[in-house]
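The block underneath contains the structure these notes are about, expressed in structure tokens.
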Amino acid sequence: MQQQQQHPHPICSGARYKNENLSGLGASIISYACGTSAEQQLLCDAGVLGKLVVLLDGSLSQREACLESLATVLKGNHDAVLRFVGLEDIQGRGCTRVLSCLCLVAIYNTSPSCFLNMGTKSSLITTLLELLTDPGQSGDDAMIYHATLCLSSLLAEKEDLQQLAYEANAVKTIVDILKTESELQPKRLQGGLFQSLAELSSKLEDCRSTFLSL
């Protein structure tokens with residue numbers, strides 16, 4: 001009996017086009033094709049993670065679409081995170097720190113018990129704040145924007161992490177960025193910074209007081 005040939009998932013095929021617009025579009029479509037864990041699993045089985053990582057060497061629009069898609073595929077999916085961490089292609093890239101933070105936040109939000117060590121939580125927050133203040137390390141505005149998304153996702157509804165971020169001077173760090181670079185920042189990046197600030201201040205009066213005093 002002849003073995004049935006397996007065909008790549010059509011959405012995954014869209015992410016491997018050489019044409020910049022088509023590959024970016026394919027990556028963007030993936031963000032809307034992961035409404036359930038079953039859909040995430042289907043795309044992972046079809047090799048979507050590896051195809052998305054290849055786009056990290058592409059243009060700004062390709063990297064931006066790639067990061068959005070990766071965040072969607074990894075969200076709440078521990079198996080996908082483990083697969084992603086195991087990919088050799090993510091090593092040595094300029095955006096590795098952003099990708100690492102994205103993975104760690106996805107892992108924490110899915111399995112908080114993996115982060116019982118307070119030092120690990122502090123280090124993750126410190127790294128994200130460094131990515132916000134040192135654009136040369138993260139590469140471009142798209143990377144910095146995704147760092148703000150990681151930070152806000154990490155802090156959402158977690159008072160203990162908000163306290164750690166407050167102790168790391170996160171409020172002043174974000175406000176200083178907004179004050180000094182507001183004319184040069186894309187509106188979306190500003191929105192990401194404000195979202196991080198909102199999550200940081202959602203439960204702690206100290207954060208709100210510090211923000212109002214700056």
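So Arg93 fits all but one of (1) of a type in the set (D, E, K, R); (2) open to solvent by less than 60 Å² (accessible area, probe 1.4 Å); (3) modelled with pLDDT of 75 or more; what number is the exception?
(3)
What pairs can you find where one residue is in segment 191-214 and closer than 17 Å to Asp176 by Cβ and open to solvent by less than 80 Å² (accessible area, probe 1.4 Å), the other is outside any helix (DSSP H, G or I) and not hydrophobic (A, V, I, L, M, F, W, C), and their Cβ atoms are less than 6 Å apart, with a gap of 6+ or different chains?
Taking only residues 6 or more apart or on different chains, the pairs are Cys207/Ser201.
Restricting to segment 184-209, count the residues that are within 17 Å of Leu132 (Cβ to Cβ) and part of a helix (DSSP H, G or I).
Adding up the residues that qualify gives 15.
The values are calculated or read from the model by the stated rules, or taken from the named source; none is laboratory data. Quick caveat: nothing in here was measured; it's all calculated off a predicted structure. No Cβ is skipped: glycine too gets one built from the backbone with ideal geometry, and neighbour counts run over all protein chains shown. Remember, those area values only see protein heavy atoms, side chains included, never the ligands or the DNA or RNA. Shrake-Rupley method; radii C 1.70, N 1.55, O 1.52, S 1.80 Å.
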